[in-house]
Amino acid sequence: MGGGVVVIPKGTFRSGSIFLKNGVELYLEEGAVLLGSNVIDDYPKRETRIEGHFEPWRMALVNAQQMDRVRIGGKGKLDGNGILFWAAFWQRRKENPRCTNLEVERPRLMFIDRCKDVRVEGISLVDSGFWNLHLYRCDGVVLEGLRITAPTSGHILGPSTDGIDIDSSRNVTVRKCFIAVNDDNIALKGSKGPLADKDTDSPPVENIVVEDCEFGDGNGVITCGSEATIVRNVRVRNCTVAGRTNLLTLKLRPDTPQHYSDIVIDGIKLSGTGRILQVAPWTQFFDLKGHPAPTRTVENITIRNVSGDYRTLGSLRGNPGDTLRNFTLENITLKLEDEKLALGVVKDVTITNVTVNGKAYVLPAATEK
């Protein structure tokens, strides 16, 4: 029948990609470190999901694919040993400032692919070469008590080190985690391009709960994009933010049909330096591929019960032709360095009991028509 538990004891063990088999759990004891090889060929190149599509690319350090039950846990550490991969990427970016994120091969730390009933608990993920924890087409996931970090200052930064990427997945809970990285803290992803809404490999991201978490640096506690089509029913509650990150980032790609809806952020304590909202056009690697430009809809977004110090309110605007509607801000008390909100064309914005720098907040006039 197979099955059982693979236990990594205290100590440091260097490895390339490992692939869990059905029925086999992975457990890292306290003091155990699974150290990723810094030789790229130790991560096999296979057809894999990456940045909203499939192509031959490097596999992760730990991989679970098409399993009905996944269990990964313990008090140990996955160490991506990413510094050489980061250095190679920054060198390429220096040579060609327009290079893509995938131009320099870098391994993810964990890839959970088309799995059901997933629990990843207790472990630390550090210094990933690329994304830390990537879920693709998973259903029924609990990520609890994880500590996910990558350098956000110092001699060399970790590029594309997203904390958790929830890609085309549903019924996912992220609980009691700490995430401080040099890219999106939690990214909700799907597909991209003018025909993205017809991509059967990218069903909606839906029914996502993030609760009782702590966030340091990043690009967004919650980020929809860069590859995303339908994202709906997202709840973020009872979290603290103490870093340089945005509370909510919605990337609106002018080359991709998108629908972001029913996102509620509730009960947040702030002591960081980011934006409350970063809802704005996103044109990285824009390509209509000869098709007419699609449009996007963002609706039913609520931010409530938020207090603390932050840098700015940020932006709330779309591309020409986009529909932004039904935004609610309520029970919010903030001390901000900059009170400005770059406001575009938005329908039905409700402001209730919002205080900024000791004064009742009044929504500004739109800066775009």
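Among DSSP beta bridges lying fully in the chain, give the percent that are antiparallel, nearest 5.
5 percent
Hey, if we sort HIS134, HIS259, HIS155 by accessible area with the 1.4 Å probe, largest down, what's the order?
Output order, biggest surface exposure first: HIS155, HIS259, HIS134.
What is the percent of Cα-Cα separations in region 216-369 that go past 18 Å?
Roughly 56 percent, rounded to a whole number.
For the chain, calculate the relative contact order in percent as a whole number, restricting contacts to Cα pairs under 8 Å that are 6 or more residues apart.
The value is 9 percent.
Once the principal axes of the Cα atoms of the chain are found, what is the range along each, listed largest first in whole angstroms?
62, 47, 43
With runs of 4+ DSSP H residues as the only contributors, calculate the mean residue ellipticity of the chain at 222 nm using -39,500 (n - 2.57) per run, divided by the residue total and rounded to the nearest 500.
Using -39500 (n - 2.57) per qualifying helix, the result is -1000 deg cm²/dmol.
Relative to the longest principal axis of the chain, what angle (0 to 90°, nearest 10) does the C-alpha long axis of helix 83-95 take?
Taking Cα atoms only, the helix is inclined about 50 degrees.
Work out, step by step, the length gained on full extension between PHE19 and ASP212: first 0.36 nm times the residue separation, then minus their alpha carbon distance; give nm to one decimal.
Between PHE19 and ASP212, full extension yields 66.4 nm more.
Measuring with a 1.4 Å probe in the full set of protein chains, what accessible area per residue, in whole Å², belongs to region 220-291?
33 Å²
What's the ranking of 162-174, 33-45 by average number of surrounding C-beta atoms within 10 Å, highest first?
Highest to lowest by the protection proxy: 162-174, 33-45.
Working out 0.36 nm times the residue gap between THR323 and ASN38, then minus their Cα-Cα distance, what length gain in nm do you get to one decimal?
Going from the current span to full extension adds 98.0 nm.
In whole percent, what relative contact order does region 196-328 give with Cα contacts below 8 Å and a gap of six or more residues?
24 percent
Taking a 20 Å limit on the Cα-Cα distance, which of the listed pairs LYS77/LYS176; LYS116/LYS189; LYS75/LYS116; LYS10/LYS77; LYS45/LYS75 fall beyond it?
From the list (LYS77/LYS176; LYS116/LYS189; LYS75/LYS116; LYS10/LYS77; LYS45/LYS75), the Cα-Cα distance tops 20 Å for LYS75/LYS116; LYS45/LYS75.
Taking 41 Å as R0, compute the FRET efficiency from the Cβ-Cβ separation of THR367 and GLU47 and round it to 0.05.
So the FRET efficiency works out to roughly 0.35.
Once each part is reduced to its C-alpha centroid, what is the distance from region 138-187 to region 49-93 in angstrom?
12 Å
For region 74-172, what does the accessible surface come to per residue with a 1.4 Å probe? Please give it in Å².
35 Å²
The values are calculated or read from the model by the stated rules, or taken from the named source; none is laboratory data. If you're wondering where the values come from, they're calculated on a predicted model, not measured in any experiment. So basically every Cβ, Gly included, is an ideal-geometry build from the backbone, and we count neighbours across all protein chains shown. The protein model used for the area step is the full one, side chains on, heavy atoms only, and it has no ligands, DNA or RNA in it. Shrake-Rupley method; radii C 1.70, N 1.55, O 1.52, S 1.80 Å.
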